[in-house]
């Protein structure tokens with residue numbers, strides 16, 4: 001029998017989480033069978049080419065109730081985020097860990113690949129402590145993988161420092177829940193992310209924990225534009241989840257009067273027709289990165305890590321409208337490099353959007369900064385990023401020896 005790998009994701013609505021899992025499976029190469037337990041099935045079709053058996057898994061739904069209304073405290077740290085995901089409830093944690101334990105054993109899983117899947121990692125750690133043969137690969141952006149030796153979670157942004165959840169209380173909850181499944185007590189909350197192999201798919205400039213890591217960062221994209229952007233005239237827009245619930249975004253895009261191409265994976269037919277009537281090209285499938293670099297002058301998005309990195313490597317200035325703290329953090333780092341404008345919530349009326357996007361489109365300084373940043377980033381690229389990822393995964397393949405040859 002071939003070794004069975006479990007691809008796990010418990011949180012995050014974007015397509016990028018699934019693409020990250022797929023890239024790891026592709027880099028592992030032939031010789032493995034794949035299951036995928038996903039919080040959302042929206043993008044499960046992206047795993048078709050690895051023949052993964054996909055099914056709904058644990059979904060750590062984000063609880064916004066205490067983050068809304070006058071005087072509400074925004075999420076400040078990764079521990080705070082885990083609290084909002086359910087780590088404030090030890091019984092919920094116990095059930096989630098138990099679900100993964102049962103799945104791993106019943107399906108004969110030998111490798112766990114976890115992207116935003118902390119309770120799956122706890123389950124695998126619990127089984128490993130009981131001598132169950134399983135290897136753990138933690139992957140994702142730097143923002144979403146705590147270094148497992150980090151004593152406390154620092155605030156992501158200087159203006160958000162007040163926390164709702166006590167990190168020591170969350171750790172106590174994890175240890176109570178984990179004990180029910182044989183998990184030895186963790187010494188710190190970050191130990192949730194202890195793994196046999198940690199693959200941080202990010203850039204140091206986008207990683208809030210870069211100074212605390214002992215692992216090297218891995219190229220964040222599976223596909224990088226072969227050349228820098230040069231003489232494109234289009235705006236390329238990518239929105240992956242709920243951005244179009246803001247009617248001003250639709251009105252702003254339709255009123256831009258600039259060449260605009262977009263890819264929106266979950267677009268409705270009505271919205272697609274409205275955009276097309278306004279002269280916007282609406283793509284029905286992902287656009288090759290080389291074509292984006294060739295045709296585009298500006299990127300427009302929500303600050304998603306993947307499209308942001310695409311623009312950084314392509315040398316394209318960007319405009320971001322973050323939907324949550326992670327996207328805001330990444331967009332702010334790009335802004336500090338002089339390559340991204342960040343539109344705050346209060347500035348997202350249609351007229352304001354139009355003015356900001358037009359200004360960015362016509363900004364030669366942003367274009368020059370984007371090209372310079374891309375040249376610097378490209379000097380650190382491995383000759384073959386795909387082979388580099390395969391090399392990082394070689395210990396996992398070697399552990400199974402002739403079975404996967």
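The values are calculated or read from the model by the stated rules, or taken from the named source; none is laboratory data. Since the model is a prediction, treat every value here as computed from it, not as a measurement. A quick note on method: Cβ atoms are made from the backbone with ideal geometry, for glycine too, and the neighbour counts reach across all protein chains shown.
Pick from the stretch 68-81 the residues that are crowded, with 16+ Cβ neighbours inside 10 Å and out of contact with any strand residue (DSSP E or B) (no Cβ under 6 Å at 6 or more places or on another chain): which of them is nearest to residue 11 (Cα to Cα)? Steps first, answer last, please.
Step one: filter the stretch 68-81 for residues crowded, with 16+ Cβ neighbours inside 10 Å, giving 74-81.
Add one more test, that the residue is out of contact with any strand residue (DSSP E or B) (no Cβ under 6 Å at 6 or more places or on another chain), and what stays is 75, 77-81.
Working: 75: 16, 77: 16, 78: 13, 79: 15, 80: 15, 81: 11 Å.
My answer is 81.
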Practice task
Among the residues of the stretch 237-251, write down those that are in contact with a helix residue (DSSP H, G or I) (Cβ under 6 Å, 6 or more places away or on another chain) and farther than 22 Å from residue 286 by Cβ.
Solution key: 248, 251
Completion exercise
Among strands (runs of 3 or more DSSP E) completely within the stretch 205-286, the ones holding 3 or more residues that are in contact with a strand residue (DSSP E or B) (Cβ under 9 Å, 6 or more places away or on another chain) and under 30 Å from residue 382 (Cα atoms) are 234-238
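Condition test on residue 251, is it touching a residue at least 40 places away in the same chain (Cβ under 8 Å), assigned by TED's automatic domain parsing to the domain that holds residue 375 and under 25 Å from residue 18 (Cα atoms)?
On the way: touching a residue at least 40 places away in the same chain (Cβ under 8 Å): yes; assigned by TED's automatic domain parsing to the domain that holds residue 375: yes; under 25 Å from residue 18 (Cα atoms): no.
Considered against the rule, which asks whether it is touching a residue at least 40 places away in the same chain (Cβ under 8 Å), assigned by TED's automatic domain parsing to the domain that holds residue 375 and under 25 Å from residue 18 (Cα atoms), residue 251 comes out as no.
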Practice task
Sort out which residues of the stretch 307-328 are touching a helix residue (DSSP H, G or I) at 6+ places or on another chain (Cβ under 9 Å) and surrounded by fewer than 22 Cβ atoms within 10 Å (Cβ to Cβ), and write them in order of number.
Solution key: 322, 323, 325, 327
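Quick check: anything in the stretch 64-74 modelled with pLDDT of 95 or more, in the same structural domain as residue 153 (by TED's automatic domain parsing) and part of a loop (DSSP other than H, G, I, E, B)? Let's see the steps before the verdict.
Pass one, the stretch 64-74, residues modelled with pLDDT of 95 or more: none.
There is no residue in the stretch 64-74 that is modelled with pLDDT of 95 or more, in the same structural domain as residue 153 (by TED's automatic domain parsing) and part of a loop (DSSP other than H, G, I, E, B).
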Completion exercise
Checked the stretch 103-120 for anything buried (at least 24 other Cβ atoms within 10 Å of the Cβ) and either part of a helix (DSSP H, G or I) or free of Cβ contacts under 8 Å to residues at least 60 places away in the same chain (or both); matches are 104, 118, 119, 120
Exercise for the section: Would you mind finding the one in 328, 312, 308, 316 that is in contact with a strand residue (DSSP E or B) (Cβ under 9 Å, 6 or more places away or on another chain) and not in a helix (DSSP H, G or I)? Expected result: 316
Practice task
Answer yes or no as to whether residue 290 is closer than 27 Å to residue 336 by Cα, within 20 Å of the chain's Cα centre (by Cα), part of a helix (DSSP H, G or I) and not assigned by TED's automatic domain parsing to the domain that holds residue 16.
Solution key: no
Exercise for the section: Inspect the stretch 158-169 for any residue being in contact with a helix residue (DSSP H, G or I) (Cβ under 6 Å, 6 or more places away or on another chain), buried (at least 20 other Cβ atoms within 10 Å of the Cβ) and assigned to a helix (DSSP H, G or I) and give the result as yes or no. Expected result: yes
Practice task
Select from the stretch 195-204 the residues that are assigned to a loop (DSSP other than H, G, I, E, B) and buried (at least 18 other Cβ atoms within 10 Å of the Cβ) and list them in ascending order.
Solution key: 195, 202, 203
